[in-house]
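Right, one structure below, let's go through it.
The values are calculated or read from the model by the stated rules, or taken from the named source; none is laboratory data. In this text the structure is predicted, and so the values were computed from the model without any measurement. Using ideal geometry, Cβ is built from the backbone for each residue, glycine included, and neighbour counts are taken over all protein chains shown.
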Amino acid sequence: MATNMDIDTRARIDDIRSIIAWSGLESDVEIVPSIQAWCAQREVPEESPFRTGRIVRNAATGRYVILLPERITSDMVSSVVTAMELRGFEREVAVLSDPNTFARHLVLHEIAHGLDHTRTEQECDEWAFQQLRQLPSNRAAHPDAREASHLLSLSQSRAGGRER
Ligand SMILES: [Zn+2]
């Protein structure tokens with residue numbers, strides 16, 4: 001994918017929380033440096049050091065927690081998108097080149113598991129693509145818009161500066 005911008009999940013926490021609330025799933029969200037490390041500390045098996053999202057359930061309280069890495073690198077995005085392409089979503093993945101849409105799909109995918117444990121990976125992806133189209137849009141509060149204008153002003157000031 002033609003992006004080298006990592007996705008900062010913490011910057012999107014309000015949007016992520018509102019998607020969870022909108023879905024009706026009783027779940028917390030926790031943003032962690034590494035999902036694998038989080039799982040290792042709690043003796044939850046997790047093979048992948050590059051895990052991009054996971055939902056776990058606290059056996060004592062019955063409450064879900066959606067785990068997200070604080071930084072989703074472009075390599076992680078590529079591997080998630082490639083897996084989806086292999087599951088038959090070659091056309092649908094186009095929208096995921098937008099970082100905000102990628103993050104939303106990721107959260108919706110984990111919600112899909114929480115709402116119904118019997119769903120396969122493919123069914124969770126499919127459900128997430130369907131919900132993406134129905135999400136109340138909040139473009140005005142969109143973190144990407146701010147990031148993009150910030151980057152633009154940086155590059156403009158750099159272009160006008162002296163060479164070092
Ligand atoms: Zn999954």
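Out of region 93-125, which residues are within 15 Å of the ligand (Cβ to nearest atom), acidic (D, E) and surrounded by fewer than 19 Cβ atoms within 10 Å (Cβ to Cβ)? Once the filter is applied, which keeps residues that are within 15 Å of the ligand (Cβ to nearest atom), acidic (D, E) and surrounded by fewer than 19 Cβ atoms within 10 Å (Cβ to Cβ), region 93-125 yields D116, E121, E123.
Here is the figure for region 12-35: residues that are out of contact with any Leu (no Cβ under 6 Å at 6 or more places or on another chain), in a helix (DSSP H, G or I) and buried (at least 17 other Cβ atoms within 10 Å of the Cβ) total 6.
Here I66 meets the list (1) under 17 Å from Q130 (Cβ atoms); (2) touching a helix residue (DSSP H, G or I) at 6+ places or on another chain (Cβ under 6 Å) almost entirely, failing just condition (1). Of all residues in region 51-62, those satisfying the criterion of being surrounded by 12 or more Cβ atoms within 10 Å (Cβ to Cβ) and either more than 13 Å from the chain's Cα centre (by Cα) or more than 16 Å from the ligand (Cβ to nearest atom) (or both) are V56, R57.
Summed over region 5-33, the residues that are without any contact (Cβ under 8 Å) to a residue 60 or more places away in the chain and in contact with a Phe, Trp or Tyr (Cβ under 9 Å, 6 or more places away or on another chain) give a count of 4. Of all the helices (runs of 4 or more DSSP H) wholly in region 56-164, which have at least 1 residues that are at pLDDT 95 or above? Correct list: 74-86, 99-115, 121-134. When the test is whether a residue is acidic (D, E) and over 20 Å from H117 (Cβ atoms), D14 passes it.
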